[in-house]
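Below is one structure, written out as C-alpha coordinates; the observations come after it.
The values are calculated or read from the model by the stated rules, or taken from the named source; none is laboratory data. Note that the structure is a prediction, hence the values are computed from the model and not measured. Here Cβ is always computed from backbone atoms with ideal geometry, including for glycine, and neighbour counts include all displayed protein chains. We work out accessible area using only protein heavy atoms, side chains counted, and drop any ligands, DNA or RNA first. Shrake-Rupley method; radii C 1.70, N 1.55, O 1.52, S 1.80 Å.
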Amino acid sequence: MKFGKVSQTIKANISGVGGSGHKLNDGGNRDAVQNDQPREAIVVGPLQSEGNHAFISVRSPWEWVMDGVCTQNGAGLVAITRVGASGDLPSGKLASIAAVAVASHPRQSSTSRRRQQRGINTAATDANCTLRVEIVSNRSTGHNSNHARPWSLEVFHCTSQAFDGLDDKDELARTLKRCRCEDMNISPPSQLINWDVTKEECRNVVGNSLPHLSKESNGDSSTAIAVLKEPMGSRGTGVFFVRDADEIHSIIEQHRQRAVSESGFLDNLIAQKGRIPSWVLQAEVKPCLLIRDRRKFHIRTYVVCVETNVMLDEPLDGEEEEDLVKLFLYNRHEIRIASEPMPSSPCDAAGSSERSRGAHITETFDRGLLQDEPELVARNLHHKVENFVANAMEALYPDMERRVARSASALDGENEASRGCMVLPHKFAIAGLDLLVTEQERIYLLEANINPAAPPPETVTEEFQSHLIGFFRDTMELVTSGSKTSDRNNFFSTKSILRR
(Lines give C-alpha, C1' and ligand atoms only; values in the text may rest on other atoms or scores of the structure.)
Protein backbone atom coordinates (compact mmCIF):
# COMPACT_ATOMS: atom_id res chain seq x y z
CA MET A 1 0.00 0.00 0.00
CA LYS A 2 1.37 3.39 -1.00
CA PHE A 3 0.93 6.50 1.08
CA GLY A 4 1.97 10.09 0.46
CA LYS A 5 4.88 11.41 2.46
CA VAL A 6 4.27 14.13 5.02
CA SER A 7 5.55 17.66 4.75
CA GLN A 8 9.07 19.00 5.19
CA THR A 9 7.95 21.11 8.16
CA ILE A 10 7.07 17.98 10.12
CA LYS A 11 10.37 16.38 9.14
CA ALA A 12 12.17 19.41 10.53
CA ASN A 13 10.15 19.39 13.74
CA ILE A 14 11.08 15.77 14.42
CA SER A 15 14.59 17.01 15.13
CA GLY A 16 13.31 19.99 17.08
CA VAL A 17 14.19 22.63 14.50
CA GLY A 18 10.89 23.14 12.70
CA GLY A 19 9.25 26.20 11.29
CA SER A 20 8.23 27.57 14.68
CA GLY A 21 11.78 27.74 15.97
CA HIS A 22 10.63 26.07 19.18
CA LYS A 23 12.48 23.07 20.48
CA LEU A 24 13.20 21.19 23.68
CA ASN A 25 15.98 22.29 25.98
CA ASP A 26 17.11 22.12 29.58
CA GLY A 27 16.38 25.76 30.26
CA GLY A 28 14.78 28.91 28.92
CA ASN A 29 11.27 30.26 28.82
CA ARG A 30 8.20 29.49 26.78
CA ASP A 31 6.81 32.39 24.79
CA ALA A 32 3.95 32.67 22.37
CA VAL A 33 4.51 32.50 18.66
CA GLN A 34 3.95 35.95 17.19
CA ASN A 35 4.66 37.38 13.78
CA ASP A 36 6.43 34.17 12.74
CA GLN A 37 9.42 35.04 14.94
CA PRO A 38 11.09 32.19 16.88
CA ARG A 39 11.18 32.43 20.66
CA GLU A 40 12.95 30.70 23.49
CA ALA A 41 12.97 26.94 23.98
CA ILE A 42 10.18 25.09 25.76
CA VAL A 43 10.91 23.96 29.30
CA VAL A 44 9.91 20.32 29.74
CA GLY A 45 11.67 19.40 32.96
CA PRO A 46 15.11 18.35 34.21
CA LEU A 47 17.23 17.16 31.30
CA GLN A 48 20.57 16.47 32.89
CA SER A 49 20.98 12.99 31.44
CA GLU A 50 23.28 12.15 28.57
CA GLY A 51 20.93 9.63 26.96
CA ASN A 52 17.18 9.03 26.80
CA HIS A 53 15.01 10.83 29.33
CA ALA A 54 11.52 9.46 29.94
CA PHE A 55 8.54 11.54 31.03
CA ILE A 56 5.62 9.56 32.44
CA SER A 57 2.06 10.55 33.16
CA VAL A 58 0.30 7.65 34.83
CA ARG A 59 -2.96 7.16 36.71
CA SER A 60 -4.40 4.35 38.73
CA PRO A 61 -4.40 1.38 38.22
CA TRP A 62 -0.87 1.36 36.75
CA GLU A 63 0.78 3.65 39.30
CA TRP A 64 2.28 0.88 41.39
CA VAL A 65 3.62 -0.86 38.27
CA MET A 66 5.32 2.28 36.98
CA ASP A 67 6.71 2.98 40.45
CA GLY A 68 8.44 -0.39 40.16
CA VAL A 69 9.73 0.47 36.68
CA CYS A 70 11.08 3.81 37.93
CA THR A 71 12.77 2.07 40.85
CA GLN A 72 14.45 -0.47 38.61
CA ASN A 73 15.00 2.14 35.88
CA GLY A 74 15.68 -0.31 33.10
CA ALA A 75 15.35 0.15 29.36
CA GLY A 76 18.55 2.18 29.14
CA LEU A 77 16.79 5.30 30.41
CA VAL A 78 19.19 7.43 32.43
CA ALA A 79 16.40 9.52 33.92
CA ILE A 80 12.65 9.07 34.45
CA THR A 81 10.47 12.00 35.49
CA ARG A 82 6.88 11.66 36.70
CA VAL A 83 4.55 14.50 35.74
CA GLY A 84 1.14 15.21 37.19
CA ALA A 85 -0.88 15.51 33.99
CA SER A 86 -0.54 14.72 30.32
CA GLY A 87 -0.44 18.46 29.57
CA ASP A 88 2.89 18.63 31.40
CA LEU A 89 4.48 16.14 29.01
CA PRO A 90 6.76 17.46 26.24
CA SER A 91 4.01 17.09 23.63
CA GLY A 92 1.68 19.07 25.86
CA LYS A 93 4.14 21.94 25.84
CA LEU A 94 4.35 21.78 22.06
CA ALA A 95 0.58 21.51 21.75
CA SER A 96 0.13 24.72 23.75
CA ILE A 97 2.53 26.48 21.42
CA ALA A 98 0.63 25.10 18.45
CA ALA A 99 -2.67 26.36 19.88
CA VAL A 100 -1.25 29.87 20.19
CA ALA A 101 0.04 29.64 16.63
CA VAL A 102 -3.35 28.59 15.31
CA ALA A 103 -5.03 31.46 17.18
CA SER A 104 -2.47 33.89 15.80
CA HIS A 105 -2.97 32.61 12.25
CA PRO A 106 -6.64 31.61 11.90
CA ARG A 107 -6.37 31.41 8.14
CA GLN A 108 -6.14 27.79 7.06
CA SER A 109 -5.58 26.05 3.80
CA SER A 110 -8.42 24.19 2.11
CA THR A 111 -6.61 20.91 2.80
CA SER A 112 -6.63 21.55 6.54
CA ARG A 113 -10.30 22.50 6.47
CA ARG A 114 -11.24 19.29 4.69
CA ARG A 115 -9.41 17.20 7.26
CA GLN A 116 -11.03 19.01 10.16
CA GLN A 117 -14.45 18.51 8.64
CA ARG A 118 -13.86 14.76 8.84
CA GLY A 119 -13.48 15.17 12.60
CA ILE A 120 -9.86 14.07 12.86
CA ASN A 121 -7.95 15.60 15.77
CA THR A 122 -4.81 13.78 16.69
CA ALA A 123 -3.91 16.36 19.34
CA ALA A 124 -7.00 15.58 21.41
CA THR A 125 -6.40 14.04 24.81
CA ASP A 126 -7.70 10.53 25.37
CA ALA A 127 -9.31 10.87 28.78
CA ASN A 128 -9.41 7.09 29.22
CA CYS A 129 -5.68 6.59 28.74
CA THR A 130 -4.12 5.56 32.04
CA LEU A 131 -0.50 5.72 30.91
CA ARG A 132 1.46 8.10 28.70
CA VAL A 133 5.17 7.77 28.11
CA GLU A 134 7.24 10.27 26.14
CA ILE A 135 10.94 10.06 25.48
CA VAL A 136 13.33 12.95 24.96
CA SER A 137 16.54 11.86 23.28
CA ASN A 138 19.91 13.61 23.51
CA ARG A 139 21.31 12.97 20.07
CA SER A 140 22.79 15.16 17.39
CA THR A 141 20.24 16.32 14.83
CA GLY A 142 22.77 17.45 12.24
CA HIS A 143 21.43 21.00 12.35
CA ASN A 144 23.14 24.12 13.61
CA SER A 145 21.61 25.38 16.82
CA ASN A 146 22.21 28.26 19.19
CA HIS A 147 21.12 26.10 22.08
CA ALA A 148 23.53 24.09 24.14
CA ARG A 149 21.94 20.67 23.68
CA PRO A 150 20.42 19.07 20.58
CA TRP A 151 17.44 17.49 22.36
CA SER A 152 14.86 15.89 20.11
CA LEU A 153 11.43 14.65 21.05
CA GLU A 154 10.51 11.05 20.31
CA VAL A 155 6.89 10.74 21.38
CA PHE A 156 5.45 7.45 22.52
CA HIS A 157 1.95 8.48 23.55
CA CYS A 158 0.42 5.07 24.15
CA THR A 159 -2.37 6.50 21.99
CA SER A 160 -1.68 5.09 18.54
CA GLN A 161 -4.94 4.63 16.69
CA ALA A 162 -3.87 1.26 15.31
CA PHE A 163 -5.98 -0.74 17.79
CA ASP A 164 -9.06 1.51 17.76
CA GLY A 165 -10.98 -0.98 15.64
CA LEU A 166 -10.53 -3.65 18.31
CA ASP A 167 -11.63 -1.64 21.33
CA ASP A 168 -15.29 -2.19 22.18
CA LYS A 169 -16.79 -5.62 21.65
CA ASP A 170 -19.06 -4.47 18.84
CA GLU A 171 -16.17 -2.69 17.08
CA LEU A 172 -14.10 -5.87 17.20
CA ALA A 173 -16.94 -7.79 15.54
CA ARG A 174 -17.24 -5.13 12.82
CA THR A 175 -13.50 -5.06 12.20
CA LEU A 176 -13.30 -8.83 11.87
CA LYS A 177 -16.08 -8.70 9.30
CA ARG A 178 -14.50 -5.78 7.46
CA CYS A 179 -11.20 -7.68 7.25
CA ARG A 180 -13.08 -10.77 6.01
CA CYS A 181 -12.01 -12.97 8.92
CA GLU A 182 -15.21 -14.98 9.27
CA ASP A 183 -13.74 -18.11 7.67
CA MET A 184 -10.64 -17.95 9.88
CA ASN A 185 -12.67 -18.54 13.06
CA ILE A 186 -10.56 -16.01 14.95
CA SER A 187 -13.48 -15.13 17.20
CA PRO A 188 -16.68 -17.06 18.04
CA PRO A 189 -19.56 -16.33 15.63
CA SER A 190 -21.36 -13.16 16.73
CA GLN A 191 -24.43 -11.04 16.03
CA LEU A 192 -24.81 -7.33 16.82
CA ILE A 193 -28.03 -6.12 18.43
CA ASN A 194 -29.00 -2.47 18.80
CA TRP A 195 -29.23 -0.97 22.27
CA ASP A 196 -32.89 0.04 21.70
CA VAL A 197 -34.07 -3.07 19.85
CA THR A 198 -37.77 -3.96 20.12
CA LYS A 199 -38.91 -7.45 20.99
CA GLU A 200 -40.05 -8.13 17.43
CA GLU A 201 -36.79 -6.83 15.98
CA CYS A 202 -34.82 -8.94 18.44
CA ARG A 203 -36.68 -12.07 17.39
CA ASN A 204 -35.97 -11.29 13.73
CA VAL A 205 -32.25 -10.68 14.39
CA VAL A 206 -31.74 -13.81 16.49
CA GLY A 207 -33.92 -16.07 14.35
CA ASN A 208 -34.58 -19.68 15.25
CA SER A 209 -31.12 -20.52 16.59
CA LEU A 210 -28.47 -18.78 18.61
CA PRO A 211 -24.89 -18.31 17.33
CA HIS A 212 -22.86 -21.49 17.75
CA LEU A 213 -19.45 -22.87 16.90
CA SER A 214 -19.10 -24.66 13.60
CA LYS A 215 -18.96 -28.44 13.41
CA GLU A 216 -15.32 -28.13 12.34
CA SER A 217 -14.69 -26.52 15.73
CA ASN A 218 -16.42 -29.39 17.51
CA GLY A 219 -19.36 -27.19 18.38
CA ASP A 220 -22.96 -28.33 18.82
CA SER A 221 -25.30 -26.57 16.39
CA SER A 222 -28.26 -27.38 18.64
CA THR A 223 -26.83 -25.47 21.58
CA ALA A 224 -29.44 -23.71 23.72
CA ILE A 225 -27.02 -21.23 25.25
CA ALA A 226 -25.20 -18.17 23.91
CA VAL A 227 -23.33 -15.33 25.58
CA LEU A 228 -24.78 -11.82 25.53
CA LYS A 229 -22.18 -9.13 26.14
CA GLU A 230 -22.68 -5.54 27.11
CA PRO A 231 -20.47 -3.61 24.64
CA MET A 232 -18.45 -1.73 27.27
CA GLY A 233 -18.43 -4.27 30.09
CA SER A 234 -15.14 -5.35 31.65
CA ARG A 235 -13.74 -7.75 34.25
CA GLY A 236 -16.65 -10.15 33.79
CA THR A 237 -19.39 -7.55 34.20
CA GLY A 238 -22.11 -7.26 31.59
CA VAL A 239 -21.89 -10.94 30.58
CA PHE A 240 -25.15 -12.91 30.42
CA PHE A 241 -25.91 -16.51 29.44
CA VAL A 242 -29.12 -16.55 27.39
CA ARG A 243 -31.46 -19.09 25.81
CA ASP A 244 -33.74 -17.22 23.41
CA ALA A 245 -34.64 -13.87 21.86
CA ASP A 246 -37.17 -12.95 24.55
CA GLU A 247 -34.60 -13.37 27.31
CA ILE A 248 -32.10 -11.35 25.27
CA HIS A 249 -34.59 -8.52 24.76
CA SER A 250 -35.52 -8.46 28.43
CA ILE A 251 -31.87 -7.87 29.43
CA ILE A 252 -31.28 -5.23 26.76
CA GLU A 253 -34.54 -3.43 27.60
CA GLN A 254 -33.61 -3.18 31.29
CA HIS A 255 -30.33 -1.52 30.35
CA ARG A 256 -32.05 0.77 27.84
CA GLN A 257 -34.45 2.04 30.48
CA ARG A 258 -31.59 2.80 32.85
CA ALA A 259 -29.68 4.58 30.08
CA VAL A 260 -32.54 6.90 29.08
CA SER A 261 -33.37 7.66 32.72
CA GLU A 262 -29.85 8.93 33.48
CA SER A 263 -29.56 12.54 32.37
CA GLY A 264 -26.90 13.11 29.72
CA PHE A 265 -25.77 9.46 29.64
CA LEU A 266 -26.52 8.82 25.96
CA ASP A 267 -25.25 12.25 24.89
CA ASN A 268 -21.97 11.67 26.71
CA LEU A 269 -21.68 8.23 25.17
CA ILE A 270 -22.17 9.61 21.67
CA ALA A 271 -19.64 12.38 22.37
CA GLN A 272 -17.10 9.84 23.58
CA LYS A 273 -17.65 7.03 21.09
CA GLY A 274 -19.31 8.75 18.15
CA ARG A 275 -22.12 6.21 18.43
CA ILE A 276 -24.18 4.20 20.91
CA PRO A 277 -22.43 0.80 21.02
CA SER A 278 -24.33 -2.36 20.16
CA TRP A 279 -24.74 -5.48 22.22
CA VAL A 280 -22.87 -8.59 21.08
CA LEU A 281 -24.54 -12.00 21.02
CA GLN A 282 -21.74 -14.53 20.77
CA ALA A 283 -21.48 -18.29 20.51
CA GLU A 284 -20.42 -20.00 23.71
CA VAL A 285 -16.98 -21.56 23.47
CA LYS A 286 -17.29 -25.14 24.64
CA PRO A 287 -16.19 -27.59 25.72
CA CYS A 288 -13.50 -25.46 27.36
CA LEU A 289 -10.10 -26.74 28.35
CA LEU A 290 -10.09 -27.05 32.15
CA ILE A 291 -7.21 -27.00 34.65
CA ARG A 292 -6.76 -27.30 38.41
CA ASP A 293 -9.56 -29.79 39.07
CA ARG A 294 -11.98 -28.69 36.34
CA ARG A 295 -11.55 -24.92 36.55
CA LYS A 296 -12.21 -22.76 33.51
CA PHE A 297 -9.58 -20.17 32.54
CA HIS A 298 -8.76 -17.63 29.88
CA ILE A 299 -5.43 -16.33 28.62
CA ARG A 300 -4.44 -12.67 28.60
CA THR A 301 -1.62 -11.88 26.20
CA TYR A 302 -0.20 -8.46 25.32
CA VAL A 303 0.45 -7.06 21.86
CA VAL A 304 2.34 -3.78 21.40
CA CYS A 305 2.24 -1.80 18.17
CA VAL A 306 4.91 0.77 17.33
CA GLU A 307 4.33 3.27 14.54
CA THR A 308 7.43 3.47 12.37
CA ASN A 309 6.88 6.94 10.85
CA VAL A 310 7.95 5.62 7.45
CA MET A 311 5.87 8.38 5.89
CA LEU A 312 8.74 10.70 6.83
CA ASP A 313 11.32 9.06 4.61
CA GLU A 314 11.55 7.55 1.19
CA PRO A 315 13.00 4.01 1.19
CA LEU A 316 16.64 3.77 0.23
CA ASP A 317 17.57 2.34 -3.15
CA GLY A 318 17.17 -1.41 -3.12
CA GLU A 319 15.25 -1.45 0.18
CA GLU A 320 11.70 -2.62 0.54
CA GLU A 321 9.19 -0.10 1.79
CA GLU A 322 8.77 -0.51 5.54
CA ASP A 323 5.45 -1.23 7.24
CA LEU A 324 3.64 1.67 8.87
CA VAL A 325 3.18 -0.37 12.04
CA LYS A 326 5.30 -3.05 13.67
CA LEU A 327 3.53 -5.51 15.97
CA PHE A 328 5.20 -7.28 18.88
CA LEU A 329 3.89 -10.07 21.09
CA TYR A 330 4.97 -10.40 24.70
CA ASN A 331 5.93 -14.01 25.33
CA ARG A 332 4.91 -14.18 28.99
CA HIS A 333 1.20 -14.98 28.82
CA GLU A 334 -1.12 -14.61 31.79
CA ILE A 335 -3.88 -16.99 32.81
CA ARG A 336 -6.97 -15.95 34.76
CA ILE A 337 -8.82 -18.73 36.51
CA ALA A 338 -12.44 -19.14 37.62
CA SER A 339 -13.18 -19.23 41.34
CA GLU A 340 -15.26 -22.43 41.16
CA PRO A 341 -14.79 -25.72 39.31
CA MET A 342 -17.09 -26.46 36.41
CA PRO A 343 -20.04 -28.59 37.52
CA SER A 344 -20.07 -32.12 36.23
CA SER A 345 -23.88 -32.13 36.17
CA PRO A 346 -25.16 -32.66 32.63
CA CYS A 347 -28.07 -30.22 33.13
CA ASP A 348 -25.69 -27.24 33.39
CA ALA A 349 -23.80 -28.34 30.31
CA ALA A 350 -27.01 -29.01 28.40
CA GLY A 351 -28.84 -25.75 28.50
CA SER A 352 -29.86 -23.92 31.65
CA SER A 353 -28.93 -20.25 31.44
CA GLU A 354 -28.78 -20.06 35.25
CA ARG A 355 -25.05 -20.58 35.12
CA SER A 356 -22.79 -20.41 38.14
CA ARG A 357 -20.84 -17.19 37.49
CA GLY A 358 -18.08 -18.38 39.78
CA ALA A 359 -17.52 -21.32 37.45
CA HIS A 360 -18.01 -19.56 34.11
CA ILE A 361 -16.50 -16.09 34.65
CA THR A 362 -12.73 -16.39 34.54
CA GLU A 363 -11.49 -13.23 36.19
CA THR A 364 -11.20 -12.88 39.94
CA PHE A 365 -10.01 -16.12 41.54
CA ASP A 366 -6.36 -16.37 40.60
CA ARG A 367 -3.85 -14.95 38.14
CA GLY A 368 -0.67 -16.60 37.07
CA LEU A 369 1.54 -17.25 34.08
CA LEU A 370 0.95 -19.92 31.46
CA GLN A 371 4.57 -21.03 31.70
CA ASP A 372 4.04 -21.92 35.37
CA GLU A 373 1.03 -24.17 34.71
CA PRO A 374 2.31 -27.73 34.10
CA GLU A 375 -0.92 -28.90 32.41
CA LEU A 376 -0.60 -26.15 29.79
CA VAL A 377 3.14 -26.44 29.33
CA ALA A 378 2.72 -30.13 28.54
CA ARG A 379 0.34 -29.18 25.71
CA ASN A 380 2.86 -26.72 24.22
CA LEU A 381 0.11 -24.14 24.47
CA HIS A 382 2.64 -21.31 24.70
CA HIS A 383 3.65 -21.63 21.04
CA LYS A 384 0.10 -22.34 19.88
CA VAL A 385 -1.08 -19.10 21.46
CA GLU A 386 1.70 -17.12 19.80
CA ASN A 387 0.98 -18.62 16.38
CA PHE A 388 -2.73 -17.87 16.76
CA VAL A 389 -2.15 -14.25 17.79
CA ALA A 390 0.40 -13.64 15.02
CA ASN A 391 -2.02 -14.95 12.39
CA ALA A 392 -4.91 -12.94 13.85
CA MET A 393 -2.87 -9.72 13.82
CA GLU A 394 -1.78 -10.43 10.25
CA ALA A 395 -5.43 -10.67 9.22
CA LEU A 396 -6.35 -7.46 11.05
CA TYR A 397 -3.30 -5.53 9.88
CA PRO A 398 -4.97 -3.74 6.91
CA ASP A 399 -7.40 -2.05 9.29
CA MET A 400 -4.56 -0.94 11.60
CA GLU A 401 -2.51 0.36 8.66
CA ARG A 402 -5.44 2.39 7.37
CA ARG A 403 -6.01 4.04 10.76
CA VAL A 404 -2.34 4.92 11.24
CA ALA A 405 -2.03 6.39 7.74
CA ARG A 406 -5.16 8.48 8.27
CA SER A 407 -3.84 9.75 11.61
CA ALA A 408 -0.44 10.73 10.15
CA SER A 409 -2.07 12.47 7.20
CA ALA A 410 -4.36 14.43 9.54
CA LEU A 411 -1.40 15.51 11.67
CA ASP A 412 0.22 16.92 8.57
CA GLY A 413 -2.84 19.16 8.20
CA GLU A 414 -2.70 20.17 11.85
CA ASN A 415 0.96 21.03 11.46
CA GLU A 416 0.10 23.23 8.49
CA ALA A 417 -2.62 24.99 10.48
CA SER A 418 -0.29 25.59 13.45
CA ARG A 419 2.49 27.09 11.33
CA GLY A 420 4.87 24.19 11.83
CA CYS A 421 4.55 23.78 15.63
CA MET A 422 3.30 20.20 15.67
CA VAL A 423 5.49 17.12 15.97
CA LEU A 424 4.77 13.85 14.21
CA PRO A 425 4.95 11.36 17.08
CA HIS A 426 6.38 7.90 17.11
CA LYS A 427 3.34 6.38 18.84
CA PHE A 428 2.85 3.05 20.52
CA ALA A 429 -0.19 1.31 21.95
CA ILE A 430 -0.83 -1.76 24.09
CA ALA A 431 -3.65 -4.25 23.61
CA GLY A 432 -4.51 -7.00 26.06
CA LEU A 433 -6.07 -9.90 24.13
CA ASP A 434 -8.33 -12.34 25.99
CA LEU A 435 -8.30 -15.87 24.57
CA LEU A 436 -10.30 -18.99 25.36
CA VAL A 437 -9.14 -22.52 24.56
CA THR A 438 -11.29 -25.59 23.85
CA GLU A 439 -10.54 -29.18 24.85
CA GLN A 440 -9.35 -29.72 21.27
CA GLU A 441 -6.91 -26.78 21.78
CA ARG A 442 -8.79 -24.55 19.38
CA ILE A 443 -8.14 -20.92 20.38
CA TYR A 444 -10.67 -18.08 20.11
CA LEU A 445 -10.25 -14.33 20.60
CA LEU A 446 -12.98 -13.16 22.98
CA GLU A 447 -12.11 -9.47 23.17
CA ALA A 448 -9.32 -6.91 23.05
CA ASN A 449 -8.61 -4.28 25.67
CA ILE A 450 -6.67 -1.30 24.32
CA ASN A 451 -6.58 0.34 27.73
CA PRO A 452 -5.89 -2.71 29.93
CA ALA A 453 -5.90 -2.30 33.68
CA ALA A 454 -3.52 -3.68 36.29
CA PRO A 455 -4.94 -5.44 39.35
CA PRO A 456 -4.42 -3.92 42.81
CA PRO A 457 -1.00 -5.19 43.99
CA GLU A 458 -2.42 -6.71 47.15
CA THR A 459 -4.61 -9.06 45.09
CA VAL A 460 -1.77 -10.82 43.26
CA THR A 461 1.41 -12.61 44.22
CA GLU A 462 4.85 -11.02 44.30
CA GLU A 463 5.76 -13.09 41.24
CA PHE A 464 2.82 -11.63 39.31
CA GLN A 465 3.73 -8.12 40.44
CA SER A 466 7.26 -8.68 39.12
CA HIS A 467 5.78 -9.92 35.84
CA LEU A 468 3.79 -6.71 35.27
CA ILE A 469 6.72 -4.49 36.24
CA GLY A 470 8.91 -6.48 33.88
CA PHE A 471 6.33 -6.16 31.11
CA PHE A 472 6.36 -2.37 31.25
CA ARG A 473 10.12 -2.21 31.65
CA ASP A 474 10.47 -4.37 28.53
CA THR A 475 7.84 -2.27 26.74
CA MET A 476 9.74 0.95 27.41
CA GLU A 477 12.92 -0.64 26.13
CA LEU A 478 11.09 -1.85 23.03
CA VAL A 479 9.62 1.52 22.10
CA THR A 480 12.87 3.40 22.70
CA SER A 481 15.02 0.98 20.71
CA GLY A 482 13.94 2.24 17.28
CA SER A 483 11.58 0.94 14.63
CA LYS A 484 14.15 -1.47 13.15
CA THR A 485 13.92 -3.73 16.19
CA SER A 486 12.54 -7.20 15.49
CA ASP A 487 12.93 -9.34 18.62
CA ARG A 488 14.00 -7.85 21.92
CA ASN A 489 13.98 -9.25 25.45
CA ASN A 490 10.59 -10.90 25.92
CA PHE A 491 9.05 -9.35 22.79
CA PHE A 492 8.87 -11.07 19.42
CA SER A 493 7.59 -9.47 16.25
CA THR A 494 4.53 -11.14 14.80
CA LYS A 495 6.38 -11.45 11.49
CA SER A 496 9.20 -13.43 13.11
CA ILE A 497 6.63 -15.72 14.75
CA LEU A 498 4.98 -16.36 11.38
CA ARG A 499 8.39 -17.26 9.91
CA ARG A 500 8.94 -20.06 12.44
| field | Label-zone membership for the stretch 237-255, site ILE276, 7 angstrom Cα→C-beta point, backbone N under 16 Å | value | 249-255
| What whole number of Å gives the distance from the Cα centroid of the stretch 177-194 to the Cα centroid of the stretch 366-381? | 28
| query | What ³J(HN,Hα) values, in whole Hz, does the Karplus curve 6.51 cos²θ - 1.76 cosθ + 1.60 give for the stretch 174-181 when θ = phi - 60°, with x put for Gly and Pro? | reply | 5, 5, 4, 5, 5, 8, 6, 9
| query | VAL285 accessible area, nearest 10 Å², 1.4 Å probe? | reply | 10
| request: Using a 1.4 Å probe and counting only protein heavy atoms, arrange LYS229, LYS177 so the residue with the most accessible area comes first. | output: LYS177, LYS229
| message | What figure, in Å² to the nearest 10, do you get for the accessible area of SER60 with a 1.4 Å probe and non-protein molecules left out? | response | 80
| task | Read phi for every residue in the stretch 186-198 and hand back ³J(HN,Hα) as whole Hz from Karplus 6.51 cos²θ - 1.76 cosθ + 1.60, θ = phi - 60°, with x for Gly and Pro. | result | 5, 10, x, x, 9, 10, 9, 10, 4, 5, 10, 4, 7
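Net charge near THR198, counting Lys/Arg +1 and Asp/Glu -1 over other residues with Cβ under 13 Å of its Cβ?
Combined, the nearby Lys, Arg, Asp and Glu give -2.
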| ³J(HN,Hα), Karplus 6.51/-1.76/1.60, whole Hz, each residue of the stretch 464-479, x for Gly, Pro | 6, 4, 4, 4, 5, 5, x, 4, 6, 5, 5, 5, 5, 5, 4, 6
| remark: Per-residue accessible area, 1.4 Å probe, largest first, puts VAL205, VAL280 in the order VAL205, VAL280
